[in-house]
There are 2 protein chains.
Amino acid sequence: MRNITAEIITVGDELLYGQTLDTNSHYMSQKLDEAGFSVKYRVTVGDVAKDMNEAFAQAESRSDVTLITGGLGPTEDDLTKPLLADFFNSEMAINEEALAEVTEYFESRGRKLTELNRGQALLPVKCTKIRNRYGTAPGMLFERNGKVFVSMPGVPREMRPMVVEEVIPELKKHFELPAIAHRIIRTVGIGESFLADKIKDWAQALPKEIALAYLPEEGQVKLRMTAKGSDHGTLKNLIDEAEGKLLPMIQEYVYGYGEESLEEAIGKILIEKNKTLATAESCSGGRVASKITSIAGSSAYFQGSVVAYQNSVKEKVLGVNLDTISEHGAVSEQTVREMAEGVRGLLNADIGLASSGIAGPGGGTEEKPVGTVWIACATASGVETKLLHLGKFRQNNIELTAVHLLNLARKCLAKN
Amino acid sequence: MRNITAEIITVGDELLYGQTLDTNSHYMSQKLDEAGFSVKYRVTVGDVAKDMNEAFAQAESRSDVTLITGGLGPTEDDLTKPLLADFFNSEMAINEEALAEVTEYFESRGRKLTELNRGQALLPVKCTKIRNRYGTAPGMLFERNGKVFVSMPGVPREMRPMVVEEVIPELKKHFELPAIAHRIIRTVGIGESFLADKIKDWAQALPKEIALAYLPEEGQVKLRMTAKGSDHGTLKNLIDEAEGKLLPMIQEYVYGYGEESLEEAIGKILIEKNKTLATAESCSGGRVASKITSIAGSSAYFQGSVVAYQNSVKEKVLGVNLDTISEHGAVSEQTVREMAEGVRGLLNADIGLASSGIAGPGGGTEEKPVGTVWIACATASGVETKLLHLGKFRQNNIELTAVHLLNLARKCLAKN
């Protein structure tokens, strides 16, 4: 079976000037790769007709599928639509369905359609409209001599669901793709090199159909197995077998699969065990609560949080003893323990989590440098605490504190 | 003066597969743009000789400067060096200075040089070596017919200092660059199309030296003016003058400049006015607190937050009246008003912010559909509230609630 090649074109001066980080190329790469396409080229050009036209022509000459994002807004610097209309020799006309959709989009938000927005329903007649459920600029699909071009808006929250819900399914109708099977196993609490060392014999013995990748994130490592071949069932069996050998080596670090986040995995355990959670956050500043409440349905198990940024809040609201803070400091095992117990009682939760540390850049001392963080998890059977030695960078320290605290909750839940 | 054009080529299968986010292109774009180069193209290819050679040839034909990252490691799949040697018809030889540097690099870390690493000192004789202070693979600079190629390692912490300390200063010796001036004006509370409509006459009358771009983010739009010419002072004056005409039209929406975030701008106002802030969050779930505490030094003005995800927490901790919730519901002007006043008193803050709404996907009713959100800001002089009609998507609703609430705080601070 021949490879179906794909190319990604992102359009925007703001990308070339380095004012906007291009995460769209990355997302499209992932989704095309998962579907079995071979992504061969990514190109970024500015809002310049000549450069865009050359990129379109080059992509058509060398790739089966070309995905384009950007340049679709209602303002004058957005050129993608008229240029693609020319490129595919197509007239423009108001697409009634698109007009109804963009009108509805505005009306449902209690706003009136402007002339500028009405123009978003003007589409090349040769394209197939792709619905944009999350914004006003529709996507467009063109086909010529077996090659497919898709243009999408550059706003990630509009583009991402469009890729997954509309574009990939549509492309699968146009091309015969190789069978492909993926599995992502999510781990937390072990670094990439330690994980690689632990499983190196297993990795070397993997069957040739399976490619392994380590995908590190803040405090976590995803292991991805990809198998390509001609039969999906065979590939799935190969991956099942490999996973069966892998898991006993790393079970304590594994919390989930695929796109499941740590906060989502913990939510499932809480529902299953019929337990509730509350957090008392100092240095994590609400990041843990924010992660937990990002999950739909979290109100079933999340009571709430007290972000105690000042010591007075730790004392007055969470009931931390005045003497504890003055004797041991706000960043101490004793304080974080009382915070966890305090929020558990105050918010009437089964599990109380707490963080207190020095996120930086200021506030460090020789004894407690920036990156010193205490975390705690209080349950009916007692309090577990952990001291973290993180780095110098504030954002990183906040994020890692949140991940470590969620992982501590996961471990406590396994025992309670 | 003619534009000096630049192109960026990043090499690596891991980029095309979507396993590694390409932040190198973004960084190089920024640094080239700041120095006055016109970045026109960015290209990503895999570790494939044919694709890399084609990218090199195309870049040489159309761009003055080409920066390449990736494919410089010691392993077999790293092709950049031998391919560039061929491309510039150059023999390879051990570069004694590079050998001394890589030897020192290993010795200073107590490790012995392996044969594999010794190979990193083997360089095309036609290139100028560029020192890598943070790793083992040197950079290379080639020149032919006035065009310059620079190859750098793909590891960001090696590449970034190399760009700033070595490559940009070297390039400035090769090219006479235009003067360039940038200004980004940050707005909140108005959509891109409404903003464009409001300032369209001004935009059309901009002097030809100034290019304007709209950069939308969640709930915000950045306006970017870029001026190029021969004299920096003249350009700055042109931008000052344009801004002077623009601001009166959009003053109420403008909160800052450049990279400054809304939470950072509010932090500055709070410090300037010597006021403190606290938040009571229901549907925003800690997102507002998390944004505020992402700013270094926020402990100077942020008291803390009560994330009141359950009604019991609204009542017990924030002191919201039982009757208010039972009569008007948790998502109501009355409740959010009492939450803002409650947290202001409880945490002893000058300003109390509150959110209560239906983030979705569940919990909506006909009367209060998903996306219905009340926000409030309580100060010594009273409470301001606002009803938001957001969309259907949880993450978006949370993020937009946070931005709207911060904007409400900004407006209240202007009056108090």
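Data overview
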quantity	calculated
Residue list for segment B:13-35, given a label point 7 angstrom along the Cα-to-Cβ vector of A:THR23 and an amide N cut-off under 16 Å	B:18-24, B:26-27
Computed magnitude of the charge dipole of segment B:74-185 (debye, nearest 20; Cβ of K, R +1, Cβ of D, E -1)	420
Gap separating the Cα centres of segment A:1-68 and segment B:105-140, nearest whole Å	34
Two-decimal ratio, segment A:66-157, of alpha-carbon radius of gyration to 2.2 N^0.38 Å	1.04
Antiparallel bridges, percent of DSSP beta bridges restricted to the protein assembly as shown (to nearest 5)	65
Compactness of segment B:1-129 as Cα Rg over 2.2 N^0.38 Å, two decimals	1.16
FRET efficiency, B:LYS172 to B:GLU252 (Cβ-Cβ, R0 56 Å, nearest 0.05)	0.85
Furthest towards positive pole of dipole, A:TRP202, A:TYR105, A:GLY342, structure part chain A, Cβ charges	A:TRP202
Chain A - percent relative contact order, Cα under 8 Å, separation 6 or more	10
Too-long pairs where the Cα-Cα distance tops 21 Å, listed order kept, from B:LYS198/B:LYS245; A:LYS31/B:LYS392; A:LYS273/B:LYS314; A:LYS129/B:LYS198; A:LYS273/A:LYS411; A:LYS129/A:LYS173	A:LYS31/B:LYS392; A:LYS273/B:LYS314; A:LYS129/B:LYS198
Two-site FRET efficiency, A:ASN348 against B:ALA296, from Cβ-Cβ distance with R₀ of 35 Å, rounded to 0.05	0.50
Neighbour net charge for A:GLY362 - beta-carbon separation under 13 angstrom, K R +1, D E -1	+3
Least to most buried among B:LEU72, A:LEU171 (fewest other Cβ within 10 Å first)	A:LEU171, B:LEU72
log10 of Debye I(q)/I(0), alpha-carbon scatterers only, for segment B:323-372 at 0.22, 0.27 Å⁻¹	-0.79, -0.96
Share antiparallel - DSSP beta bridges, chain B, percent rounded to 5	65
Alpha-carbon spread of chain A, three principal axes, descending order, Å	78, 58, 42
Cβ charges +1 (Lys, Arg) and -1 (Asp, Glu), total dipole of the protein assembly as shown, debye	720
Student exercise, segment B:1-118 dipole from Lys, Arg, Asp, Glu Cβ charges, in Debye to nearest 20	320
Copies compared at A:ALA49 - label distances in nm, ascending, label defined 7 Å from Cα in the Cβ direction	4.2
Kirkwood Rh, angstrom, the protein assembly as shown [1 / mean 1/r, Cα pairs]	29.1
Range of Cα positions in segment B:179-257 per principal axis (Å), largest first	36, 22, 17
Longest to shortest principal axis, alpha-carbon extents of segment A:345-416, angstrom	36, 20, 19
Shortest-first nm distances, A:ASP201 label point to equivalent points in other copies (7 Å, Cα→Cβ)	8.0
Nonlocal amide H pairs with B:GLY256, under 5 Å, H built at 1.01 Å	B:ARG186
Cysteines not pairable in chain A (beta carbon separation under 4.7 Å absent)	A:CYS127, A:CYS283
Per-copy distances of the B:LYS268 label point, shortest first, in nm (7 angstrom along Cα→Cβ)	4.5
Percentage relative contact order, segment A:5-174, counting C-alpha pairs under 8 Å, at least six apart	23
Shape category assigned to segment A:301-400 from the gyration tensor of Cα positions, a/c cut at 1.5	prolate
Positive-end residue, segment B:5-174 charge dipole about Cα centroid, Cβ charges, pick of B:LEU122, B:GLY12, B:PRO138	B:PRO138
Taking N as its residue count, the alpha carbon Rg of segment A:130-238 over 2.2 N^0.38 Å	1.42
Packing-based exposure ordering (other Cβ within 10 Å, fewest first) of B:VAL317, B:VAL11	B:VAL317, B:VAL11
Length added when fully stretched, A:ALA57-A:GLU217, from 0.36 nm per residue minus Cα-Cα	53.9 nm
Relative contact order of segment B:262-415, pairs being alpha-carbon contacts under 8 Å that are 6 or more residues apart, as %	24
Cα centroid separation, segment B:348-391 to segment A:224-279 (Å)	37
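Only the coordinates and a few stated rules stand behind these numbers; no lab work does. Since the model is a prediction, treat every value here as computed from it, not as a measurement. Quick reminder, even Gly has a Cβ in these numbers, built from the backbone with ideal geometry, and neighbours come from all protein chains shown.
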